[in-house]
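Working notes for the structure below.
The values are calculated or read from the model by the stated rules, or taken from the named source; none is laboratory data. These numbers come from a predicted model, not from an experiment. Please note: Cβ atoms are built from the backbone with ideal geometry, for glycine as well, and neighbour counts cover all protein chains shown.
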2 protein chains.
Amino acid sequence: MSPAKARGPYAKTAARRADIVRAARDGFAERGFAQSSLRDIAQRAGITHAGLLHHFRTKDELLAAVLAQRDAEEWERGSERVSEAKAAAPFFDGLLRDHQREPELMRLWAELAVAASRSDHPAHEYFVDRYERARARTARMMGERVPAGPPEGAPDPETAAMIFHAVLYGLQVQWLLNPRLDIGKALEHALRLLLDGPAAPSDPSSPSSATEA
Amino acid sequence: MSPAKARGPYAKTAARRADIVRAARDGFAERGFAQSSLRDIAQRAGITHAGLLHHFRTKDELLAAVLAQRDAEEWERGSERVSEAKAAAPFFDGLLRDHQREPELMRLWAELAVAASRSDHPAHEYFVDRYERARARTARMMGERVPAGPPEGAPDPETAAMIFHAVLYGLQVQWLLNPRLDIGKALEHALRLLLDGPAAPSDPSSPSSATEA
């Protein structure tokens, strides 16, 4: 079997899987995870129920594929823009807005991240590794901004990255509970605090000497 | 029926409920939620299975009671200490350490907060209200520190409170995924950044002029 011949059926399988994942993503986003059935998703993807089961045995497996793909797309889009501090704010602002357009996927992601912290969860290694990589990437960006090391009192790049990803995650949970919150503004402030470091502690009654950036 | 007479049976019911909640908390913390049964919890509390069902119909209902009580205790302990910025850091440091001693309860809390964001979830109003109150209390503390308003470029107290609670929540999720992370240090840094505000934007190559607090 030559590689050229193998490509055909493999490409077909990959395309079929992609169709199913896309249909599932739309279905979960519109109807919610609990209200979606594998049968509905198969119909949406234009294949039989048995055909879908050939690729994904359970709805949980399909959910993991949907969220991993959403994450991979964001990762791809962020790969250049997150390496530079100036580009980070607009990138993450856009990311939050994308998530807010699909609140059910945001919720499913947040739920899965916590559930996956159990070491026997099927997505455990995925989420552990994913957060390591996300923190490492952010820490590199933070570190490049201050090549001589962070200013006195400021967190090191690894700690700043940990704080940033905590803010990104925690703001979404608060927004799911109260969609009137302006989490975009909060994320922007958090990023600026992390990039600029803390002010020298001062008497709060003294006039502010901060200048516009 | 005089009030004095009513007090007896009421007190007995409350005490019995408290025994059950304590037993459930210990059981969930030790064995995990999924591995605990109402039958085990009844045995641990020294009552019959039927007796327990008289107070709590489902394991989910009991879980909500356990987490609400844990939250109420923390709320009570924090009520004075969180009103002052200086006392906030040691209070929240202690809070994180307490949570780290019971990782399964930390995880159940984090999971329930996300699940409860669905408007038809039985704990929806509890969590919505709980986060409003937590942010309001933190915002008051932040606001009292800067009576003349936040310095230029710093978040307003409400936004700072939103960021702080995002950090508190998000750090715990990262720790559940990787218990080697020093989230206590990260929380301390985040709180300091939020209380002191951002540094005036400066050339990162210039020598730091920050002074020790």
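Within region B:101-121, track down each residue that is more than 13 Å from chain A (Cβ to nearest Cβ) and surrounded by 14 or more Cβ atoms within 10 Å (Cβ to Cβ).
Within region B:101-121, B:Glu102 is the sole residue that qualifies.
Which residues, counting only those in region A:125-160, are facing another protein chain (nearest Cβ under 8 Å), at pLDDT 95 or above and surrounded by fewer than 18 Cβ atoms within 10 Å (Cβ to Cβ)?
Within region A:125-160, A:Val128, A:Glu132 meet the criteria.
Which residue, of B:Arg101, B:Arg97, is in contact (Cβ under 8 Å) with a residue 12 or more places away in the chain, within 29 Å of B:Leu195 (Cα to Cα) and assigned by TED's automatic domain parsing to the domain that holds B:Val146?
Testing whether each residue is in contact (Cβ under 8 Å) with a residue 12 or more places away in the chain, within 29 Å of B:Leu195 (Cα to Cα) and assigned by TED's automatic domain parsing to the domain that holds B:Val146 leaves just B:Arg97.
Test of understanding: among A:Asp182, A:Asp156, which residue is under 29 Å from A:Leu108 (Cβ atoms) and of a type in the set (Asp, Glu)?
A:Asp182
Residue-by-condition table, conditions (1) hydrophobic (A, V, I, L, M, F, W, C); (2) touching a residue at least 40 places away in the same chain (Cβ under 8 Å):
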{"residue": "A:Asp156", "(1), (2)": "no, no"}
{"residue": "A:Val167", "(1), (2)": "yes, no"}
{"residue": "A:Asp182", "(1), (2)": "no, no"}
{"residue": "A:Leu187", "(1), (2)": "yes, yes"}
{"residue": "A:Leu193", "(1), (2)": "yes, no"}
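Residue check: is A:Ala88 of a type in the set (A, V, I, L, M), within 15 Å of the chain's Cα centre (by Cα) and at pLDDT below 95?
Yes; evaluated as a whole, the condition is true for this residue.
Quick check on my filter: what residues within region B:75-94 are aliphatic (A, V, I, L, M) and surrounded by fewer than 19 Cβ atoms within 10 Å (Cβ to Cβ)?
B:Ala85, B:Ala87, B:Ala89
How many residues does region B:136-174 contain that are over 20 Å from B:Gly78 (Cβ atoms) and of a type outside the set (D, E, K, R)?
Total satisfying the criteria: 12.
For region B:175-190, name all the residues that are more than 8 Å from chain A (Cβ to nearest Cβ), over 16 Å from A:Asp156 (Cβ atoms) and assigned to a helix (DSSP H, G or I).
B:Trp175
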